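Data first, discussion second: the structure below is written as structure tokens.
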Amino acid sequence: MQTLTVDVFLSVDGWAGSVTSPGYFGYLGPDLEEWVARESARPQLVILGRRTYEALAGLPDQARDDSTRRLTETRTVVFSTTVEATSWPHTRICRDDLLGEVARLKRDSDVPLRTMGSLSVARQLLGAHLVDRLRLMTFPLLVGPSGREPFFADVASADLELVGNRVLDGRVLLIEYRPTGRDIPRA
């Protein structure tokens, strides 16, 4: 059985993006750049939703770095009922049930699974208890009213165990959790 890791980049106030912020919320530094390169170089099967795939595939050439180019060469499954074709060579579109297909992929894949961004996909996978690792990259800003897509909105409750943490570039906090399967503490 392979593991599934969900990577989410967030502002301190929980937004997974902002209408006024650039990529990485404008905090790309050497440590973060090295982390992204190392993670994208690992053997993996990438799971993406339509919006994330279209955003990444639509990046202009000048915005593509080595990690982005490597991602386009990585085996990827895009879950969508509307995408007709992909421009990445090792990418397939899946119109099947997300949860059933990801459970099958975890069982049958020869490499670990990973999703980045794809917030709707990540939320569904968390709710179905298919996630083995939840990695939150927290950037040092409050985006306030310019925030778009609060990651934790409508996420089911879950007890998490801290399995790792690291500070990148002296300002970005990477926190890795493992869902325990236990109920959360209640009053």
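The values are calculated or read from the model by the stated rules, or taken from the named source; none is laboratory data. Computed from a prediction, not measured in an experiment: that's the story for all the values here. Don't worry about glycine lacking a Cβ; one is built from the backbone with ideal geometry, like all the others, and counts go over all protein chains shown. Keep in mind that these areas ignore ligands, DNA and RNA; they rest on the heavy atoms of the full protein, side chains included. Shrake-Rupley method; radii C 1.70, N 1.55, O 1.52, S 1.80 Å.
Determine which residues of the stretch 1-17 fall in the zone a paramagnetic label at Cys94 would reach in this model, i.e. backbone nitrogen under 12 Å from the point 7 Å along Cα→Cβ. Residues passing the 12 Å test: 4.
Taking the protein heavy atoms of the chain in the context of the full set of protein chains, the accessible area attributed to carbon and sulfur is 52 percent at 1.4 Å.
Compute the accessible area per residue over the chain, keeping the other protein chains in place, probe 1.4 Å, unit Å².
It amounts to 53 Å² per residue over the chain.
Spatial offset of the stretch 18-97 relative to the stretch 116-167 amounts to 17 Å, using the alpha carbon center of each. Between Glu39 and Val167, take the C-beta separation as r, use R0 = 22 Å, and let me know the FRET efficiency to the nearest 0.05. That gives a FRET efficiency of 0.85.
For the chain, pairs of C-alpha atoms spaced more than 28 angstrom apart make up 22 percent of the total.
Ranking Pro185, Met1, Leu48 by how far each Cα lies toward the positive end of the dipole of the chain (charges on Cβ) leaves Met1 at the top. Based on DSSP H segments of at least four residues, each scored -39500 (n - 2.57), the chain has a per-residue ellipticity at 222 nm of -7500 deg cm²/dmol. With contacts taken as Cα pairs under 8 Å and at least 6 residues apart, the stretch 1-129 reaches a relative contact order of 38 percent.
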